[in-house]
Amino acid sequence: MSFFGQVYEYVKRVPRGKVVTYGQVAAALGAPRSARQVGWALHVNPEPGVIPCHRVVNREGRLAPAFAFGGEEVQASLLETEGVCVREGCVDLQIYQWREA
């Protein structure tokens with residue numbers, strides 16, 4: 001499976017109401033220095049309704065200023081619909097970050 005395919009499969013496992021970071025996805029896939037590639041994969045997400053790329057934020061919990069499917073406001077709205085509190089374009093990773101068991 002391609003790296004992009006692996007990104008999509010990993011992101012599909014992130015539960016509603018939780019987020020992961022680009023670096024976290026990259027590290028989970030064995031490529032810890034590939035956070036930007038994770039971002040690009042999500043930017044060209046072939047199935048926006050199926051692959052929940054809105055659940056991926058940067059290492060500080062910040063939303064994507066150029067969220068591919070409508071901007072930061074749309075990403076915030078999608079997360080808030082799932083119960084994630086977004087304040088000033090940022091998510092509290094202490095509360096909402098998903099960690100695989």
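So which helices (runs of 4 or more DSSP H) are wholly in the chain and hold at least 1 residues that are charged (D, E, K, R) and without any contact (Cβ under 8 Å) to a residue 12 or more places away in the chain?
Details: elements: 3-12, 22-28, 35-43, 72-81, 93-96.
Counting at least 1 such residues, we get 3-12, 72-81.
Can you name the number of the only condition in (1) surrounded by 15 or more Cβ atoms within 10 Å (Cβ to Cβ); (2) modelled with pLDDT under 95 that Ala66 fails?
Checking Ala66 against (1) surrounded by 15 or more Cβ atoms within 10 Å (Cβ to Cβ); (2) modelled with pLDDT under 95, the one that fails is (1).
Search the stretch 1-25 for residues being crowded, with 22+ Cβ neighbours inside 10 Å and of a type outside the set (Val, Ile, Thr), and hand back the single one that is farthest from Asn45 (Cα to Cα). If you could, list the steps in order and put the result at the bottom.
Pass one, the stretch 1-25, residues crowded, with 22+ Cβ neighbours inside 10 Å: 7, 19-20, 22, 24-25.
Then drop every residue that is not of a type outside the set (Val, Ile, Thr), which leaves 22, 24.
Values: Tyr22: 14, Gln24: 18 Å.
It comes out as Gln24.
The values are calculated or read from the model by the stated rules, or taken from the named source; none is laboratory data. The model shown is predicted, which means the values in this text are computed figures rather than measured ones. With ideal geometry, Cβ positions are generated from the backbone for all residues, glycine too; neighbour counts draw on all protein chains shown.
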